[in-house]
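Asker: Input: one structure, supplied below.
No value in this document is a laboratory result; all are computed from the given coordinates. This structure is a prediction, so every number in the text was calculated from the model and none was measured. Cβ sites come from the backbone with ideal geometry, for glycine too, and all protein chains shown count toward neighbours.
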Amino acid sequence: MRDRELAREIEGELVQRGDSDYEALRAGMVWNGLKPERFPELIVRAASERDVPEAIGLARSRGLRIAVRAGGHSWCGSSVRSDGMLIDLSRLRRCDIDVASATATVQPGVTGSELAPELAKHGFSFPTGHCGSVAVGGYLLSGGLGWNSGALGPACRSVYEIEAVTADGETVRCNKDENPDLLWAARGAGPGFFAVVTRFRLRLHRLPGAIMSTTYAFPLADLEEVTNWATETAHELKPTVELSLVLATAAPPMTRTRPRPKVITAAATAFADSREQAVQTLGPLRNCPFADRALFREVDEPISPDSLYKASGDIWPADHRYAADTLWSQSDFGTLLSRLSEAVATAPSGNSLVLAPISPASHNEELLRDMAFSVLGSSYVVPYAIWDDPAEDDINARWLHEAMRAVEPLGTGHYIAEADLGAGPARAERSYTARDWRRLQSLRARYDPEGVFHTYLTP
């Protein structure tokens, strides 16, 4: 009787395994075209924050462990778990901006491409994810290495308060004075967080007056020279310049030749108060001593936030099949990328790539305090397998694993947001410092002693 009463109290959809619409809904819970073979017993699509405590009560009454989804990439689909309940928060998309205090209250289903223009209307910005389709819920819980994070820190740094529903169904406020341990965990615990966040309160930042980019693409054979130049030049750049190296197959407008060559691209984006300041901060990149050998060159190009999201969408289009993994390392980029270049040169898919953000997180230690998110190395690389033919699943998954094997001996950890959590039981633990991992486990034992929420995905 109590079970039926709880179900009736939920305003949103309840879809059980075996229902006619279950499989389409389950598949829609994963942005990746490659769907995991995991099957929740019950999916609850919350219509409002009020549904969350009711859903938790229903899960407890049925003995179902809970996983939570906000909406986004999650390459491994960590929120889709067998033998439990999936709470989908993607319909919770309210965003309230307080101009006077330069803060915003956002629900977890709001995406980066929705949040950014709303903030811009009032002269504000936030370090949203590089792909605009990513919802803030999972992104912020995983730390959030987004636009301009070199200057602003990981996005979770700008979360000053959350409202969350705990394992016993209680709604609590978490800030530096109330439940500070839960706020600490929410800043980086990722898919292993042991509560459901229904609201994030964010400190906002001044809207950049100008965004400009500089891009060079060279043949992959020039990797050593390009990597040495880019990493040396990075020391001359301000934190407001985001510089990355990408190993990939050249795409228009870089080249129109066939077959398309493999290239190493150095791409920088500057966030500044004015166009003149942006040009100045990009200045060191204009001194590339071998720029005349570039297959493609675009210097001091004005760019809009919409264009940034579009560029990311072109690299990671919807409906493709993806596998990704991450590695922090103390080795230099030259060593890491030389090992990965062979993988890129022989990738079975021309869409696959390796991303190497040269400063993915801030070097300012003050912007990395009071959070579970851990920076675990001086270098960071992300191989992505990207393909569209289901018949090629095995060969592309194998490519990713072989690429990772080439560099994992040099690794010091992973980034929880994009780590291949299904690749090994230590993957989640290796995404945190030992001290932070112990604290997370201690807090889980305190706030969820009965194991109401799923822990991290393992094989």
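Asker: In nm, to one decimal, how far is the Asp96 label point from the Thr455 one, both placed 7 Å along Cα→Cβ?
Answerer: Each label point is offset 7 Å from its Cα along the Cβ direction, giving 3.8 nm.
Asker: Something else now. When the helices in the chain are scored as -39500 (n - 2.57) per DSSP H run of 4 or longer and the sum is shared across all residues, what 222 nm value do you end up with, to the nearest 500 deg cm²/dmol?
Answerer: Here the helix-only value at 222 nm equals -8000 deg cm²/dmol.
Asker: Under the 0.36 nm per residue contour assumption, what length would be gained going from the current alpha-carbon distance of Phe290 and Arg8 to full extension?
Answerer: Value of the extension gain: 94.7 nm.
Asker: For the chain, build the charge dipole from Cβ charges (+1 Lys, Arg; -1 Asp, Glu) around the Cα centre, then report which of Val52, Thr233, Ala27 sits farthest towards its positive end.
Answerer: Value: Val52.
Asker: To the nearest 20 debye, what is the magnitude of the charge dipole of the chain about its Cα centre, counting +1 on the Cβ of each Lys and Arg and -1 on the Cβ of each Asp and Glu? Don't jump to the answer; show the numbers that get you there.
Answerer: Details: 48 positive and 60 negative charges, 57 e Å.
Its charge dipole is roughly 280 debye.
Asker: What ranking, highest mean first, results for peptides 18-25, 78-85, 295-302, 43-50 when packing means the other Cβ atoms within 10 Å averaged over each residue?
Answerer: Details: 18-25: 11.8, 78-85: 21.2, 295-302: 14.9, 43-50: 19.8.
Taking the mean over residues of other Cβ atoms within 10 Å, the ranking is 78-85, 43-50, 295-302, 18-25.
Asker: Report, by chain and number, residues whose modeled amide H sits under 5 Å from the one on Glu161, excluding near sequence neighbours (fewer than 5 apart, same chain).
Answerer: HN-HN under 5 Å from Glu161: Arg201.
Asker: Suppose the chain between Asp370 and Glu392 were pulled fully straight at 0.36 nm per residue; how much longer would it get relative to their current alpha carbon spacing?
Answerer: On the way: separation 22, 0.36 × 22 = 7.92 nm, distance 4.31 nm.
Extra length available between Asp370 and Glu392 comes to 3.6 nm.
Asker: Mind listing the long-range amide H neighbours of Gly84? Cut-off is under 5 Å, sequence gap 5 or more, other chains count too, H placed in the peptide plane at 1.01 Å from N.
Answerer: Residues meeting the amide H criterion: Glu41, Leu42.
Asker: Roughly how many nanometres apart are two label points built 7 Å out from the Cα toward the Cβ at Arg297 and Arg62?
Answerer: 6.2
Asker: Now for a different question. Students often get this wrong: which residues of region 138-172 have the backbone nitrogen under 20 Å from the point 7 angstrom along Cα-to-C-beta of Arg50?
Answerer: Counting only backbone N, you get 163-166, 169-172.
Asker: Using the alpha carbons of the chain, what is the convex hull volume per residue in cubic angstrom, as a whole number?
Answerer: Details: hull volume 62.5 nm³, N = 459.
Dividing the Cα hull volume of the chain by its residues yields 136 Å³.
Asker: Straight distance only, please: which lysines reach the Cα of Lys121 with their own Cα at less than 30 Å, same-chain residues fewer than 8 apart left out?
Answerer: Lys176, Lys238, Lys310
Asker: Right, next: List, in order, the whole-Hz ³J(HN,Hα) value for each residue of region 29-35 obtained from phi through the Karplus relation with A = 6.51, B = -1.76, C = 1.60 and θ = phi - 60°; use x for Gly and Pro.
Answerer: Values per residue, Gly and Pro as x: 6, 10, 5, 4, x, 8, 8 Hz.
Asker: Additional query: Per-residue counts of other Cβ atoms within 10 Å, averaged by peptide: what ranking do you get for 196-204, 150-158, highest first? Could the numbers behind the result be given before it?
Answerer: Working: 196-204: 21.9, 150-158: 24.8.
So the peptides 196-204, 150-158, ranked by packing, come out 150-158, 196-204.
Asker: Given R₀ = 45 Å, FRET efficiency for Ala434-Glu37 by Cβ-Cβ distance, to 0.05?
Answerer: 0.85
Asker: Please sort 112-121, 435-444 by packing, taking for each peptide the average over its residues of neighbouring beta carbons within 10 angstrom, highest first.
Answerer: 112-121, 435-444
Asker: May I pose another question? Nothing charged except the Cβ atoms of Lys and Arg (+1) and of Asp and Glu (-1): what's the magnitude of the dipole of region 210-431 about its Cα centre? Round to the nearest 20 debye.
Answerer: 360
Asker: If I model a spin label at Ile315 and Ala445 as a point 7 Å from the Cα along the Cα→Cβ vector, what separation in nanometres do I get?
Answerer: Placing both labels 7 Å along Cα→Cβ, they lie 4.1 nm apart.
Asker: In region 2-88, how does Rg compare with the Kirkwood Rh, expressed as the Rg/Rh ratio over alpha carbon atoms?
Answerer: Ratio of gyration radius to Kirkwood radius for region 2-88: 0.95.
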